[in-house]
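Peer 1: The structure follows.
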Amino acid sequence: MVSFNTLTSQQGLLNVGWDRRASVIVLETIITLWVELIMQSSIKLLVSLLLASQCFFVFAQSAQHLAEAILDSQRPAQDKERDENRKAPEILEFMGVKQGDSVLDVIAMGGWYSEVLSYAVGGSGTVYMHNNPIAITERSTDERAERTSRLKNVNDFVGSIGQIPASSIDFAITALNFHDVYNRSEDDSHQLLRQIYSALKPGGVLGIIDHKGTPGADNVTLHRITFEDAVTSAVEAGFVLTGTSSILKNSDDDHTLGPFDPSLGRNTDRLVLRLAKPQ
């Protein structure tokens, strides 16, 4: 590679005046430098494009694999009824979930997302189906037991997320439940997010999916949360917002009804946030 020292090596020529020969040498040197710089930049750009294409291909394959996997005949029929509104393959592709990941389904209840995550991470991955040790958790005991009997990479975990070893989780998700924690107590929601933050590996991802609310509305009664409140809570807990998605946007939902209103068909307008624990 030609360095800028090549220019200074022509100093003798420059000192005796700018004759034609000196000018040609300097001009050729400058052109050579520019060509090499352009070639190096082009190579770097090509490498970057190839890496990006490879990542896109891997995630596209994962989404296709998951779309096929959730058709499993052993999967409960009531789970499949929610597929159209939840769009799990697209969501998990957006979040970057991959085979072999260790993942945490926060407040999983009966484990709808836990089962989908089970297919997404495969036999080399692990799913922690988390619930808090409270009375409502008992309602889903049988449902969770049925899932773990079929899905060998799913662990039924009832307890505090604070019990999970630090920096051991690749991906965590809280789907359609963070609003309840936040609306009950901002301190509780901060503590929950800090526990998730601790459990995630550096660079690990937290996905928040929830019923979108309108600022100033009675989102407590409506079981919703605003985009601003969700993002602010996560950022205050140390997360960095790395992406949002309109995959679950529903323009027909004007945010004035609760998610259980029959007219919505359980298809609310939902915020989708991808947040990361810094490296």
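Throughout, read-outs are computed from the coordinates displayed, never taken from laboratory work. Every value quoted in this text rests on a predicted model; they were computed, and no experiment measured them. So basically every Cβ, Gly included, is an ideal-geometry build from the backbone, and we count neighbours across all protein chains shown.
Peer 1: Kindly put Lys201, Lys152 in sequence by how many other C-beta atoms sit within 10 Å of each C-beta, fewest to most.
Peer 2: Lys152, Lys201
Peer 1: Still on this structure, I have one more. Give the distance, in whole Å, between the Cα centre of segment 190-257 and the Cα centre of segment 109-178.
Peer 2: Centre-to-centre distance over Cα atoms comes out at 20 Å.
Peer 1: Could you name the lysines in cross-link range of Lys277, using Cα to Cα under 24 Å and dropping any fewer than eight places away on the same chain?
Peer 2: Partners within reach: Lys98, Lys201, Lys212.
Peer 1: Subtracting the Cα-Cα distance from 0.36 nm times the residue separation, let me have the gained length for Asp254 to Ser73 in nm, one decimal.
Peer 2: So the extension gain works out to 61.6 nm.
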